[in-house]
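Accompanying notes for the structure given below.
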Amino acid sequence: MSLLPTTSIARIADYDGQAVTLAGWVYNKTEKGRLIFILLRDGSGTIQCVIFKKNVAEETFAAARELTQESSCRITGMVRADERAASGYELDVQEIEVVHLTHDYPIAPKEHGIEFLMEHRHLWVRSSRQHALLRIRAEVMAAAQEWLNSQGFVRFDTPILTGTAAEGTSDLFATPYFDLGNAYLAQTGQLYVEAGMMAFGKVYTFGPTFRAEKSKTRRHLTEFWMLEPEVAFATHEDNLVLQEQMLSAIVQRVLSTCVRELEVLERDTTALQRVQPPFPRITYDAALDLIREHHTEVEGCRVLEWGEDFGAPHETLIATKFDKPVFVERFPTSLKAFYMQPDPARPEVVLCADLIAPEGYGELIGGSQRIHDATLLEQRIRDFGLNVEDYQWYLDLRRYGSVPHSGFGIGLERTVAWICNTHHIRETIPFPRMLYRLYP
Ligand code: 4AD
Ligand code: MG
C-alpha cells in the first residue's frame, strides 16, 4: 500500500467537491471548542483543514487535538471552495492519520534572531518566507536554462576540481589531490566552457563556484552558483544584448509563475515589470563622472581616481540613477581578468561590462569579449604572473580555429536576492557557506 497523497495542495482546485487524501506537516493549529483548524502544508502550498467534532469519529478528533506544530500526518476530507481561504479552498476533514508527532519544534511562530535561525537552517527552510525564496530560486534556475535551451544553447558541464586559477589567485580554495599536488575549487567554469563553445557554438555551464573571499558582506558567499553562457563569433555588443534578453525573460517568467511567493515576500513588483530590454549603458569613465557629481548622496561613497575599482557604495549610487539594471562597460584593463579583449580603439580599457542591479544589490553579471589571439593571450597570462604551461590547453583554443567570442557569468544568489528584495544573499541558497559558517 502506498502512503502517497491523492493530490497536492497546489492542485486542489481540480478536486472541488471531491474527497482527497493530503499528506504533509502541521504549520499551525487553533482550537475553538468543538472545532479544530489545522493549517496543513505539503510543500506545494497550505490549506486550512477543518475538523468539526460532530462530523468525525472520536479517534479522529482526539488525533487532531494531539497534533503539534510540524507533526507529519495524512488527512482525508472533502474539498470545499471558500472565498475567504488564502488558497480558495478548505478541507472538511473526515479522517486523520498521524505519521509522526513532533515535540518542542525549535522554530516557534514568533521572532527569532538571525543567528538562531542560521543554526537551524535545516528546519528554517520550512518557514513560509524561506520557502518562497527557495521556490523562486528554483524557478530562476529553470527559467534561465529553459530560455537558453530555447535559443539553441547546449549545457556543457565544467569541472569543480581544477588545476589552475581562472579569476585571480588570491581567493582560491585548495585541496590536496593525490600525487598531483593541489587541486583548486573552481572560481568559474569559464575557461572550460570556452572549449565547449568551440565544439557547440552556444553553450552554458551552471554550477557551484567557490571564492575564498574574506568578505563579510550581504552580497558575498564562499560557495555560490553561477550560470555562464559563452557564444562563438559574439562581440561585446552581442554579449550585452544576450544578457538583457536573458535576464528580462527570467524576471518576466518569475512575475507570471511566482505570484504567491512574491506576495509572501511582499515584493513591490512594479520595479520588476520594467525589466525589459534594452538596459541603459554607461562607460566606466562616465560612471566616474557620475560618482564625482553625486558621491555625497550615498554614505561611504568617495570620489574615485581613474583605475580604481568600485566599492559597494559606488554600485549603489550608480543604481539609483537608473530604473532598470545598468551596464557599466569598458573598465581599465588593470582591474579585470587576464582573458578580456582590449578595446582596439583604446587598449587601456577592455571590452567588458558589469551589470549593476537596481535597489543596491550590486553586480549581478560580469562578462566580456575574450582575447582570441594566442600571442596576446599568452602575453597576458605571463603579465598576470601565471604559469603558461598550465594554460596550454586554453591557448590551444586560440591555435585551432580561433574566433572572436564572448560570454558572461550571472550570480544566482544575487539575482534571486534582487528579484525577491531580500536583504542578505544567505537566505537565497539552502545552505549558505560564508566566512564564519559551515554548519549545518
Ligand atoms: O565577475 P565574476 O567574478 O566573473 C567571472 O567569474 C567570469 N569568469 C564570468 C564569465 O565571464 N563567465 O563573477 C560573476 C558573477 C558576479 O557578477 C556575481 O553575481 C557573482 O558571480 N559572484 C558572487 N556571488 C556571490 N558571492 C560571491 N563571492 C561572488 N563572486 C561573484
Ligand atoms: Mg565581476
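The values are calculated or read from the model by the stated rules, or taken from the named source; none is laboratory data. Note that this is a predicted model, so its numbers are computed, not measured. Cβ: placed from backbone, ideal geometry, glycine included. Neighbour counts: every protein chain shown. Just so you know, the surface numbers come from the protein's heavy atoms only, side chains and all, with ligands and any DNA or RNA stripped out. Shrake-Rupley method; radii C 1.70, N 1.55, O 1.52, S 1.80 Å.
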(message) Could you tell me how many of the residues in the stretch 291-305 are in contact (Cβ under 8 Å) with a residue 24 or more places away in the chain and open to solvent by less than 30 Å² (accessible area, probe 1.4 Å)?
(response) 1
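Counting residues that are without any contact (Cβ under 8 Å) to a residue 24 or more places away in the chain, which strands (runs of 3 or more DSSP E) fully inside the stretch 179-287 reach at least 2? Please lay out each step first, then the result.
Working: elements: 182-185, 202-210, 223-232, 281-283.
Because the criterion is at least 2 residues that are without any contact (Cβ under 8 Å) to a residue 24 or more places away in the chain, the strands (runs of 3 or more DSSP E) in the stretch 179-287 that meet it are 182-185.
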(request) Could you list, in sequence order, all residues of the stretch 170-195 that are within 16 Å of ligand 2 (Cβ to nearest atom), over 16 Å from L395 (Cα atoms) and among the polar types (S, T, N, Q)? (result) S170, Q187, T188
(request) Confirm whether Q341 is free of Cβ contacts under 8 Å to residues at least 40 places away in the same chain, assigned by TED's automatic domain parsing to the domain that holds Q243, touching a helix residue (DSSP H, G or I) at 6+ places or on another chain (Cβ under 9 Å) and not acidic (D, E). (result) no
(request) Please go through the stretch 330-362 and pick out each residue that is within 13 Å of H236 (Cβ to Cβ), away from ligand 2 (no atom under 12 Å from the Cβ) and open to solvent by 20 Å² or more (accessible area, probe 1.4 Å). (result) R330, Q341, P342, P344, A345, R346
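Going by the structure shown, is F173 free of Cβ contacts under 8 Å to residues at least 40 places away in the same chain, open to solvent by 60 Å² or more (accessible area, probe 1.4 Å), away from ligand 1 (no atom under 11 Å from the Cβ) and out of contact with any Asp or Glu (no Cβ under 6 Å at 6 or more places or on another chain)? Write out each step before concluding.
Numbers: free of Cβ contacts under 8 Å to residues at least 40 places away in the same chain: no; open to solvent by 60 Å² or more (accessible area, probe 1.4 Å): yes; away from ligand 1 (no atom under 11 Å from the Cβ): yes; out of contact with any Asp or Glu (no Cβ under 6 Å at 6 or more places or on another chain): yes.
No.
Could you list, in sequence order, all residues of the stretch 405-440 that are among the aliphatic types (A, V, I, L, M), within 16 Å of F210 (Cα to Cα) and either open to solvent by less than 10 Å² (accessible area, probe 1.4 Å) or touching a residue at least 12 places away in the same chain (Cβ under 8 Å) (or both)?
Taking the stretch 405-440 as the starting set, the residues that turn out to be among the aliphatic types (A, V, I, L, M) are 410, 412, 416-417, 419, 425, 429, 434-435, 438.
The next check asks that each one be within 16 Å of F210 (Cα to Cα); those that pass are 410, 412, 425, 429, 434-435, 438.
The answer is I410, L412, I425, I429, M434, L435.
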(request) Output the number of the condition that G17 fails; it satisfies all remaining conditions of (1) closer than 28 Å to H103 by Cβ; (2) touching a residue at least 12 places away in the same chain (Cβ under 8 Å); (3) part of a loop (DSSP other than H, G, I, E, B). (result) (1)
(message) Of everything in the stretch 369-406, what is at positive phi and either at pLDDT below 95 or within 16 Å of ligand 2 (Cβ to nearest atom) (or both)? Give them in sequence order.
(response) G385
(request) Of the numbered conditions (1) outside the structural domain of V193 (by TED's automatic domain parsing); (2) of a type outside the set (V, I, T); (3) within 16 Å of ligand 1 (Cβ to nearest atom); (4) over 26 Å from R218 (Cα atoms), W306 fails exactly one; give the number of that condition. (result) (3)
(message) Looking only at residues that are more than 15 Å from ligand 1 (Cβ to nearest atom) and of a type in the set (K, R) in the stretch 382-424, which one is nearest to L134 (Cα to Cα)?
(response) R398
(request) Would you check which residues across the stretch 51-91 are touching a residue at least 24 places away in the same chain (Cβ under 8 Å), open to solvent by 20 Å² or more (accessible area, probe 1.4 Å), closer than 27 Å to K110 by Cα and not small (G, A, S) and list them? (result) R65, E66, T68, Q69, R74, Y89, E90
(request) Return a yes/no flag: does the stretch 250-273 have any residue that is under 30 Å from H372 (Cβ atoms) and open to solvent by 10 Å² or more (accessible area, probe 1.4 Å). (result) no
